[in-house]
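Here's the structure we're looking at; comments come further down.
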Amino acid sequence: MELAARTGTTVELSAGDELVVTNTHGRQVVDTWALSAEKPTRFLSAPHTWMHHGRLTIRVGDSLMDNTRRPLLSMIEDSSPGDHDMLIPSCDLARYRQLGVEGYHDNCHDNFFEALAAAGVEAPQFVPQPLNLFMRVPITPDGAFSIDSPLARPADHVRLAALEDVVVVLSACPQDLAPTNGVGRTPTGVAYEVIGRRA
Ligand SMILES: [Zn+2]
């Protein structure tokens, strides 16, 4: 399936399903959330994932923990150089205001709510911290960070396995004023595929 540039979608996964997200053109960040299908107040939580692994980043083999410290997903494959940010909040209209945008600007915050509404899924009251697939945010020893152009190449992909029934939300980040999606500042679409347990 194609996820058009600047848009979001939901993907429903049953326990055992795998979701492959492919960076079709390279350098595109994909804001990613996961909610328990049974109880959407349980959601993928960045701080609980940091705590579980003792670091601020994730690697192949790591579980993605929810806010009740249960694993929702596992990252089982990653062909990219391995940058996946879990520190930077999703872009929103307030961020684009800071960057000088006066009218509406597509944003991952709105994509999150719109995708869940379109799927009829009860959304949390706020946007959880996303897992920003392919986003490159180097952190220096003194704690400073920067948002750099991603190193992900065309066709790089990650594979996530669902450990229970979950609703994943994907947003092809529409940031075109910072190098989040490359120095060309040109958001692109990505592709995703669900590989069923019994397929
Ligand atoms: Zn964004």
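Odds and ends about this structure:
- The single residue among Ala37, Ala15 that is surrounded by 15 or more Cβ atoms within 10 Å (Cβ to Cβ), of a type in the set (A, V, I, L, M, F, W, C) and more than 14 Å from the ligand (Cβ to nearest atom) turns out to be Ala37.
- Screening Met51, Met135 for residues that are in contact (Cβ under 8 Å) with a residue 12 or more places away in the chain and within 14 Å of the chain's Cα centre (by Cα) leaves exactly one candidate, Met135.
- Where strands (runs of 3 or more DSSP E) sit wholly within segment 123-199, those with at least 2 residues that are of a type outside the set (Val, Ile, Thr), under 23 Å from Arg97 (Cβ atoms) and within 16 Å of the ligand (Cβ to nearest atom) occupy 166-172.
- Qualifying position, being modelled with pLDDT of 95 or more, buried (at least 22 other Cβ atoms within 10 Å of the Cβ) and not polar (S, T, N, Q), among His84, His52: His84
- Among the residues listed as Leu13, Leu56, the single one being in contact with a strand residue (DSSP E or B) (Cβ under 6 Å, 6 or more places away or on another chain) and touching a residue at least 40 places away in the same chain (Cβ under 8 Å): Leu13
- In segment 155-199, the qualifying residues are those that are charged (D, E, K, R) and loosely packed, with under 15 Cβ neighbours inside 10 Å, and the one that is nearest to Arg136 (Cα to Cα) is Arg185.
- Residue match in segment 70-80 (condition: surrounded by fewer than 17 Cβ atoms within 10 Å (Cβ to Cβ) and within 16 Å of the ligand (Cβ to nearest atom)): no
- Number of residues in segment 91-104 that are more than 10 Å from the ligand (Cβ to nearest atom) and touching a residue at least 60 places away in the same chain (Cβ under 8 Å): the value is 3.
The values are calculated or read from the model by the stated rules, or taken from the named source; none is laboratory data. Because the structure is predicted, anything quoted here is derived from the model rather than measured. Because the Cβ atoms are built from the backbone with ideal geometry, glycine has one as well, and the counts that use them run over all protein chains shown.
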